[in-house]
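Report on one structure; see the data block that follows.
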Amino acid sequence: MTSEQSAAYRLAYLVSFLLHPFVLIVPLFMIISIRFATHVYEGVLCGIVVSLGAAGAPFAFIRRGVARGRWSDHDISRRDQRLIPFLYTIACMVCVFAFLLLLEAPIELLATFAGMVCVVAAALLVTQLARWKISLHLIGITGTVLTLALLVSPIFYWCAPLIVLVGWARWRVGAHTPWQAVAGASMAAAVTFLVYRLFGL
């Protein structure tokens with residue numbers, strides 16, 4: 001590997017790390033929670049609940065599994081290892097959604113979270129039934145950009161190049177093919193628009 005190739009790989013790895021779905025969940029839901037909450041402290045509380053339940057708990061579970069040798073890495077790169085982490089993550093999300101209902105969270109937050117649950121469940125079906133490793137990174141970044149653009153400000157559409165950047169990064173580190181990246185982005189876009197429409201947003 002030449003120095004230029006090595007630099008490109010390191011950049012791709014950094015992009016993959018910084019724009020990991022578990023990382024994106026925290027700022028995304030903090031922004032949505034605070035933006036639509038009646039009071040700031042309510043928004044912060046809902047944001048913390050989502051961050052801990054939908055990102056913190058699944059990441060801790062996966063990290064423990066990696067440490068024990070059950071899974072290859074924190075991205076669960078091997079498709080055949082994804083079932084248990086997916087099911088655990090979805091279970092955590094269902095619990096968080098129920099808690100958000102008890103907190104009487106804003107409809108915008110509920111819709112956003114419901115969309116995330118739906119797209120993760122859809123990705124699980126693709127992974128297990130079609131035996132194809134769709135890109136969760138592309139699902140995460142596409143859903144984040146569209147959510148912020150649709151609910152906060154259209155100016156976030158200018159962040160769309162990040163979707164391409166993440167797609168390149170996942171290809172460059174050898175995690176996904178271009179088609180797996182395109183499929184992840186397409187699924188996230190379709191589910192995001194559909195769920196918001198169903199919620200009347």
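Descriptive notes on the structure:
- Counting only helices (runs of 4 or more DSSP H) that fall entirely inside region 56-131 and contain at least 1 residues that are polar (S, T, N, Q), the qualifying elements are 83-102, 107-129.
- In region 60-113, the qualifying residues are those that are in contact with a helix residue (DSSP H, G or I) (Cβ under 7 Å, 6 or more places away or on another chain) and polar (S, T, N, Q), and the one that is farthest from V173 (Cα to Cα) is T112.
- Breaking point among (1) surrounded by fewer than 18 Cβ atoms within 10 Å (Cβ to Cβ); (2) more than 18 Å from the chain's Cα centre (by Cα), for G56: (2)
- Members of region 157-172 that are assigned to a helix (DSSP H, G or I), open to solvent by 20 Å² or more (accessible area, probe 1.4 Å) and not hydroxyl-bearing (S, T, Y): W158, C159, P161, L162, I163, V164, L165, W168, W171, R172
- All of (1) of a type in the set (S, T, N, Q); (2) in contact (Cβ under 8 Å) with a residue 12 or more places away in the chain; (3) touching a Ser or Thr at 6+ places or on another chain (Cβ under 7 Å) hold for S33 with one exception: (3).
- V44 falls short of the stated requirement of being open to solvent by 20 Å² or more (accessible area, probe 1.4 Å), assigned to a helix (DSSP H, G or I), at pLDDT below 85 and β-branched (V, I, T).
- Flag if A175 is among the aliphatic types (A, V, I, L, M) and in a helix (DSSP H, G or I): no
- Picking from residues in region 68-81 that are free of Cβ contacts under 8 Å to residues at least 60 places away in the same chain and within 15 Å of the chain's Cα centre (by Cα), the one that is farthest from T38 (Cα to Cα) is I76.
- Considering L24, L45, the condition of being touching a residue at least 12 places away in the same chain (Cβ under 8 Å) and within 18 Å of T144 (Cα to Cα) is satisfied by L24 alone.
- Pair list, Cβ < 7 Å and 6+ apart or interchain, from region 184-201 residues that are among the aromatic types (F, W, Y) to residues that are open to solvent by 60 Å² or more (accessible area, probe 1.4 Å) and not in a loop (DSSP other than H, G, I, E, B): Y196/L150; F199/I107
The values are calculated or read from the model by the stated rules, or taken from the named source; none is laboratory data. This one's a predicted model, so the numbers in the text were calculated from it and none came from an experiment. As a convention, Cβ positions derive from the backbone with ideal geometry for all residues, glycine included, and neighbour counts pool all protein chains shown. Quick note on the areas: whole protein, heavy atoms, side chains included, nothing else; ligands and nucleic acids left out. Shrake-Rupley method; radii C 1.70, N 1.55, O 1.52, S 1.80 Å.
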